[in-house]
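What follows is calculated from the coordinates using simple rules that are stated; it is not laboratory data. Keep in mind it's a predicted model, so treat the numbers as computed, not measured. Counting neighbours? That spans all protein chains shown, and the Cβs are built from the backbone with ideal geometry, glycine included.
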Amino acid sequence: MVKEKTITKKDIQDQNLEERELILYNDEVNTFDFVIETLIEVCKHEPEQAEQCTLIVHYNGKCAVKSGTFDELKPIHEEMSNRTLTVSIE
């Protein structure tokens, strides 16, 4: 017998309140300067932090650039996607 789990509205709300990370991925399109500017403008990074994240993305392929709840990260994700950066919320 297979048991099915029912997902309630409260379960979805609880998931949206869990701490998540916004992950930025490396690409061959955007320049270092553009990525740094975007991290400063959209994620409110200090210039040094933005530069370090950009280097981590370049050498490791990805970097967590922001943490927060899903609801907090969603507009940042959308803006970075609109600027042609590859990001995900995990």
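Would the range 34-47 turn up any residue that is aromatic (Phe, Trp, Tyr), over 22 Å from Lys74 (Cα atoms) and more than 15 Å from the chain's Cα centre (by Cα)? No; the residues of the range 34-47 include none that is aromatic (Phe, Trp, Tyr), over 22 Å from Lys74 (Cα atoms) and more than 15 Å from the chain's Cα centre (by Cα). Residues in the range 21-60 that are in contact with a helix residue (DSSP H, G or I) (Cβ under 9 Å, 6 or more places away or on another chain), among the hydrophobic types (A, V, I, L, M, F, W, C) and surrounded by fewer than 15 Cβ atoms within 10 Å (Cβ to Cβ): Phe32, Leu55.
Residues in the range 61-89 that are touching a residue at least 24 places away in the same chain (Cβ under 8 Å), more than 9 Å from the chain's Cα centre (by Cα) and exposed (fewer than 14 other Cβ atoms within 10 Å of the Cβ): Gly61, Asp71, Thr84.
Considering each residue of the range 64-90, count those that are of a type outside the set (D, E, K, R) and under 16 Å from Thr31 (Cα atoms), and give that number. So that I can check it myself, show each step before the final result.
Of all residues in the range 64-90, those of a type outside the set (D, E, K, R) come to 64-65, 67-70, 73, 75-77, 80-82, 84-89.
Retained after the next criterion (residues that are under 16 Å from Thr31 (Cα atoms)): 80-82, 84-87.
Counting residues in the range 64-90 that are of a type outside the set (D, E, K, R) and under 16 Å from Thr31 (Cα atoms) gives 7.
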